[in-house]
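J.: So that we are looking at the same thing, I have put the structure below in structure tokens.
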Amino acid sequence: MRSSAKSRSTLNLLDSLEPSRNALLFYDNNKTLEKFLFDYVKTGLQKGETVLYWAGIRTAEEAEKRMSSYGIDCDHYKRNGMLHFTSYDDMFLVDGRLDLMNCHRNLFNMLKTIHNGNNMRLATESNWWLLADVFENALDAEATHEMIPNNMSVVCSYNIANLMKYVSIYHLAKLMELHNDTLLVTKGSVMLPLEFYSYLGKCILDALEDSFDYITIMRKKHSRFISEVLSELQMRIGSHMIELERNIEEKLMCTLKLD
């Protein structure tokens, strides 16, 4: 499937995301983020769904301005109670300190004010976790998707170039495992659900064949969770894990054409 066709398929998958499902979107620039995340918002509004938007890479006011430029009548939908903007700072911070429970309180208080019975969408600029230098807490937050109401779908979005610079391959795998679907759109590649996760597994196998004698761990463990395999590798090869991760990162960066 050609890249343009896969991009359309990615848009379609996000647009048609069913309530109770969550998707992870990897992107490499803010223009790509807006194209896919704003389209997810726009389609939901057109379907009569209520949309919550959490700004993280900019303020809520800046996000609303960019969304209006995209062609969404934010004023209209806000007046009708269908579009709600907030920020990660407001959702997760209390007196400047991270408080995951505060997010749950804020979310459910917000939902109490929405009584239209519609399906809902939650669109998030999740790269806030990296910008705020609290990414490991992001994994704790992402693990609580089951607390999201059944009539709500969720799209979380991370800049893959930032992730590659600041987190480990283990964290990258774990992030994917905490979502129903992973979609990737960069200037070098477009990957649909399972493709990027499978490709990450292949990169690990290739790196093991190049450098280590532990390839049997990957082939015999028979686990669908790459993070578990990486944890076992860490215990077995210790400091050599740094070299392994560097090899994997180089392969990923080359494929995705990340700077």
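Any read-out appearing in this document is the output of simple, stated calculations on the displayed coordinates, not a laboratory observation. No experiment lies behind these values; they were computed from the predicted model shown. Cβ coordinates were reconstructed from backbone atoms using ideal geometry, including for glycine residues, and neighbour counts include every protein chain displayed.
J.: Given the DSSP H assignment, sum -39500 (n - 2.57) over each helix run of at least 4 residues in the chain and divide by its residue total; what's the result at 222 nm in deg cm²/dmol, nearest 500?
T.: Calculated mean residue ellipticity at 222 nm is -16500 deg cm²/dmol.
J.: For the pair Arg236/Asp95, report the inter-label distance in nm, with labels modelled 7 Å from Cα in the Cβ direction.
T.: According to this spin-label approximation, the distance is 4.8 nm.
J.: Right, something else. Mind running the shape call on segment 155-195? Use the C-alpha gyration tensor, a ≥ b ≥ c as the square roots of the eigenvalues: rounded below 1.5 for a/c, prolate if a/b tops b/c, oblate otherwise.
T.: Oblate shape, in that a/c is at least 1.5 and b/c is the bigger or equal ratio.
J.: Just for the chain, what percent of DSSP beta bridges are antiparallel, to the closest 5?
T.: For the chain, the DSSP antiparallel bridge percentage is about 15.
J.: Let me ask you something else. Of the peptides 180-193, 79-92, 232-245, how do they stack up when ordered by the mean number of other Cβ atoms within 10 Å, highest first?
T.: 180-193, 79-92, 232-245
J.: Any idea what % of Cα-Cα pairs in the chain are farther than 29 Å? Walk me through the numbers before you get to the answer.
T.: Numbers: 10839 of 33411 pairs.
Of all Cα-Cα pairs in the chain, 32 percent lie more than 29 Å apart.
J.: What full-extension length gain, to one decimal in nm, is calculated for Asn80 and Asn29 as 0.36 nm per residue of separation minus the Cα-Cα distance?
T.: Details: separation 51, 0.36 × 51 = 18.36 nm, distance 3.16 nm.
Extra length available between Asn80 and Asn29 comes to 15.2 nm.
J.: Okay, next question. R0 = 30 Å: FRET efficiency of Arg58 with Asp15, Cβ-based, nearest 0.05?
T.: Efficiency, rounded to the nearest 0.05: 0.85.
J.: Would you compute, for the Cα atoms of segment 38-184, the largest minus smallest coordinate along each principal axis and list the three values in descending order, in whole Å?
T.: Projected onto its principal axes, the Cα set of segment 38-184 covers 43, 31, 30 Å.
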